[in-house]
Amino acid sequence: MPPLTANPSPLLRDVTDEEVSSFLRDGIVCLRQIIAPEWIEQIRTGMEEMRASPSPFATIVDKGETYLYAEQMPSVFNDQLRGVVRASGLGDISKSLLPGRTMRWLYDQLWYKGAGQVAETPWHQDTAYAYYQGLDIVRLWVPVDTVPRQTTLEIVRGSHLWNVVYAPAVPQVLLENKDHLKESKFSYTNIVDDGLPAVPDIEAHRESFDIVGYPVEPGDVVAFNYHVLHHAGSGFNPHARRRAFAVLFADEQI
C-alpha cells in the first residue's frame, strides 16, 4: 500500500504530549475533533456501499429491531474506505502515539449497529482473535455517528499491561440469532480458544475494575492498545445508527 498520509497531515490538530502519555499509561485515549468532516463523510459513504454489497468476510444479524453488520478488511473491497486508510491522517495518529516507531497499516474493520436494540459486544481482547502478535498495535476506532455513554466503547484501564491473553468471547447476539445470522469466510462462532483462561466477569463486578468510556461525536477518535480488555454496552437507540470504522496500525515487530 502507498504511504498512509499526505504531507502536510490532513488532521485537524496535532496529538498532544498529554494524550500520548495517557495512551501509553492507560491503554486508551479519546482524541476529540481530530478527523476532518470530509473524511467522516467518506467513511459513511464507504460503509453504506459495503452494506449494499457485503464482502465474503461479512457477519450480519438482521432480526426485527436487532441489526448488526461487521466487515473484515473492508478497505480491500471499497475505494472510499481505502482512501481513508491511506490519506485521512489515521496513520499520523498512530505514529504520534508511538513516537519513533515505523508504523504500518495492519487491518481494518467496520461495525454497523442499527437503530433500535443495540447488541452488546462482549468483554474481550483482540489478541485472541488474530493471526499476529506484538506489543505495539494501535486500534483507532472512528465513530461516524453520535454514540452515547451507555452504548459506547469501554476498556479496563491498564489491562494492556497485565501480561495475559484471554480466550475469545463469542458475541451473545450471534448465538441467540443463529437463524438470522450470515457468516461466510470469517466466523466469530467458530474461533477456538486454545485452552486460554476465560475473560473475568467484568459486568458482574464493574466496581472492581477501572472502566473507562467516552461518549463520542463524529470527528473524535478513540485510540487503544490492541491488548486491552474492552467491550461496547447494550441499550436501545430509537433514532440513530451506530457506525464505526476501526483501523489497526503496528510497528516493525509484527
Is it true that Ile60 is within 27 Å of Val212 (Cα to Cα), in contact (Cβ under 8 Å) with a residue 12 or more places away in the chain and out of contact with any Ser or Thr (no Cβ under 6 Å at 6 or more places or on another chain)? no
Select from the range 118-160 the residues that are in contact with a helix residue (DSSP H, G or I) (Cβ under 9 Å, 6 or more places away or on another chain) and farther than 23 Å from Asp92 by Cβ and list them in ascending order. Val118, Ala119, Glu120, Thr121, Pro122, Trp123, Gln125, Gln133, Asp145, Arg157, Gly158
It is to be established whether one or more residues within the range 114-121 are surrounded by fewer than 17 Cβ atoms within 10 Å (Cβ to Cβ) and part of a loop (DSSP other than H, G, I, E, B). yes
Only one of Thr59, Thr5 is hydroxyl-bearing (Ser, Thr, Tyr), in a loop (DSSP other than H, G, I, E, B) and modelled with pLDDT under 95, namely Thr5
Considering the range 154-177, residues that are modelled with pLDDT under 90 and part of a helix (DSSP H, G or I), and then whichever is farthest from His227 (Cα to Cα), we arrive at Glu176
Residue hits (the range 74-90; under 14 Å from Ser9 (Cα atoms), of a type outside the set (A, V, I, L, M, F, W, C) and outside any loop (DSSP other than H, G, I, E, B)) are Arg86
Answer yes or no as to whether Arg101 is modelled with pLDDT under 90, outside any strand (DSSP E or B) and not β-branched (Val, Ile, Thr). yes
Which numbered condition Glu207 misses (of (1) more than 13 Å from the chain's Cα centre (by Cα); (2) open to solvent by less than 10 Å² (accessible area, probe 1.4 Å)): (2)
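Yes or no: Glu38 over 27 Å from Val156 (Cα atoms), at pLDDT 95 or above, out of contact with any Pro (no Cβ under 7 Å at 6 or more places or on another chain) and in a helix (DSSP H, G or I)? So that I can check it myself, show each step before the final result.
Values: over 27 Å from Val156 (Cα atoms): yes; at pLDDT 95 or above: yes; out of contact with any Pro (no Cβ under 7 Å at 6 or more places or on another chain): yes; in a helix (DSSP H, G or I): yes.
Yes.
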With the condition kept exactly as written, say whether any residue in the range 81-93 is acidic (Asp, Glu) and either open to solvent by less than 10 Å² (accessible area, probe 1.4 Å) or more than 17 Å from the chain's Cα centre (by Cα) (or both). yes
Taking the condition of being surrounded by 13 or more Cβ atoms within 10 Å (Cβ to Cβ) and modelled with pLDDT under 90, how many residues in the range 184-204 meet it? 6
Residue by residue through the range 77-114, note down the ones that are in contact (Cβ under 8 Å) with a residue 40 or more places away in the chain, of a type in the set (S, T, N, Q) and either more than 30 Å from Gly64 (Cβ to Cβ) or touching a Ser or Thr at 6+ places or on another chain (Cβ under 8 Å) (or both). Ser88, Ser94, Ser96, Thr102
Would a scan of the range 20-35 turn up a residue that is closer than 15 Å to Pro143 by Cβ, open to solvent by less than 70 Å² (accessible area, probe 1.4 Å), part of a loop (DSSP other than H, G, I, E, B) and out of contact with any Asp or Glu (no Cβ under 9 Å at 6 or more places or on another chain)? no
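The values are calculated or read from the model by the stated rules, or taken from the named source; none is laboratory data. These numbers come from a predicted model, not from an experiment. As a convention, Cβ positions derive from the backbone with ideal geometry for all residues, glycine included, and neighbour counts pool all protein chains shown. Accessible surface areas use protein heavy atoms only, side chains included; no ligands, DNA or RNA. Shrake-Rupley method; radii C 1.70, N 1.55, O 1.52, S 1.80 Å.
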